[in-house]
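Read through the structure below, which is laid out as C-alpha cells, and then see the notes.
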Amino acid sequence: MIIRNLSFLTSVCLGTALLVGCATTNRPTTRAEGPDLSPIVGQAVTPAGHLVLACVRQALAANTYDMVGDDGDSRLIRFTCSGGEAEALFSALADRSANIGSEWQAGAVTYRSTERAARNLYGVDLCWRDAITYGDERATYACHFNLNLGGFIRD
C-alpha cells in the first residue's frame, strides 16, 4: 500500500513538474520567425533633445562635422558645436552627469557626457568647458554628438 501511494505521489509530482515546465518554457526565436519589423512609434522631442538639435544645426551650418570609425563596421558622423549652444547643453547635463558619474576633469577642462564611457570616448556624446585659455569668466564650451550609421558610410 505504501509503495502504491508513493508511486502515485511520484507520478503526480512528475506530471505536475512536466506540465509547469512545458507551460513556462521560453522557446528561442527561430530564424524562420525573423525579427519584428513593425514600425517603432516616435515621441515628441524633449527640451534636452531640442538642445542637441540646435547643436547639430550649428555644426551643419558651420561645417564642423566629421566621420569617426572604430576597427569594426561602426562608423559615426560626429557633429561639433560651440558657444551658446554648447554652453546650454553643458549646463543641461549637470544633474544627469552628477547622478550617473559621467563628469570628469582634466586640468581646467570639465567634461560631461550623456552616458558613462564604457572603454573609451568612441561614440560618447559629450560637452566640455575649457577654462584654460581665458579663465572662468571667459571659459569656452564645445560639444560632440554622434550619429551612428554603421558600415553604410564606411566607403
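So if the hydrodynamic radius of the stretch 41-113 is defined as the Kirkwood radius over C-alpha pairs, what does Stokes-Einstein give as its diffusion coefficient at 10 °C and 1.306 mPa s, in µm² per second? So the translational diffusion coefficient is about 113 µm²/s.
With Cα atoms as the point set, the stretch 75-121 shows a radius of gyration and Dmax of 11.5, 31 Å. Note on the stretch 76-155: the alpha carbon radius of gyration divided by the globular reference 2.2 N^0.38 Å gives 1.16. Neighbours of residue 117, meaning other residues whose beta-carbon lies under 12 angstrom from its beta-carbon, give a summed charge of 0 when Lys and Arg score +1 and Asp and Glu score -1. For the stretch 34-72, backbone nitrogen atoms closer than 14 Å to the point 7 Å from residue 153 Cα along Cα-to-C-beta are found at 56-57, 59-61, 63-70.
Values in this text are rule-based calculations from the coordinates and carry no lab data. Everything numeric here is computed off the predicted structure, so don't read it as measured data. Glycine gets a Cβ as well: all are built from the backbone with ideal geometry, and neighbour counts include every protein chain shown.
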